[in-house]
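One structure is given here, and the rest of the page talks about it.
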Amino acid sequence: MIYPNPSGGIINVRTMFVSKEPCLLEIYNGVGELIYTQIYSPSVEAKQITLAEYGTGIYLIKVTQGIVTLTDRIILKND
């Protein structure tokens, strides 16, 4: 779950871990460049990420744990 969407620059990512393997979170900008990456332990359920330094646009969020990968997009609206 990613919220709020659209966002003014701060997003919350809530994950439900299916195993004890680490979870990799990656965020890509509109041209496919990796702008954020972090590895989570299974004990972390929610993470707040600040993207205010990046411009208005659509960003791709990819969460991988083991062989499972989920992808979603977030819209940033910097006013």
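The values are calculated or read from the model by the stated rules, or taken from the named source; none is laboratory data. Treat the numbers as computed from the prediction; the structure is a model and nothing was measured. All Cβ positions, even for glycine, are placed from backbone atoms using ideal geometry, and neighbour counts span all protein chains on display. Protein only, heavy atoms only, side chains kept; ligands, DNA and RNA dropped before computing areas. Shrake-Rupley method; radii C 1.70, N 1.55, O 1.52, S 1.80 Å.
Just round it to a whole percent: the fraction of Cα-Cα distances in the chain exceeding 19 Å.
Details: 966 of 3081 pairs.
That tail contains 31 percent of the Cα-Cα pairs.
If the cut-off is a Cα-Cα distance under 18 Å, which lysines reach LYS62, setting aside same-chain residues fewer than 8 apart in sequence?
Excluding near neighbours in sequence, the set is LYS47.
Taking only protein heavy atoms and a 1.4 Å probe, what accessible area per residue, in Å², does the chain have with all protein chains in place? Mind showing how you got there, number by number?
Numbers: 5100 Å² over 79 residues.
Averaged over the residues of the chain, the accessible area is 65 Å².
Of all accessible surface on the chain at a 1.4 Å probe, what whole percent is carbon and sulfur? Intermediate values should be presented prior to the final figure.
Numbers: 2880 of 5100 Å².
Summing carbon and sulfur atoms, their accessible area is 56 percent of the total for the chain.
Which residues among the stretch 13-42 fall inside the zone where the amide N is under 11 Å from a point 7 Å beyond the Cα of TYR3, along Cα→Cβ?
Those under the cut-off are 13-14.
Below 8 Å between Cα atoms, with a sequence gap of 6+, how large is the relative contact order for the chain in percent?
37
Can you give the charge dipole size of the chain about its Cα centre, rounded to the nearest 20 debye, using +1 on the beta carbon of Lys and Arg and -1 on the beta carbon of Asp and Glu? Display every interim value, and only then the final one.
Numbers: 6 positive and 7 negative charges, 33 e Å.
The dipole magnitude comes to about 160 debye.
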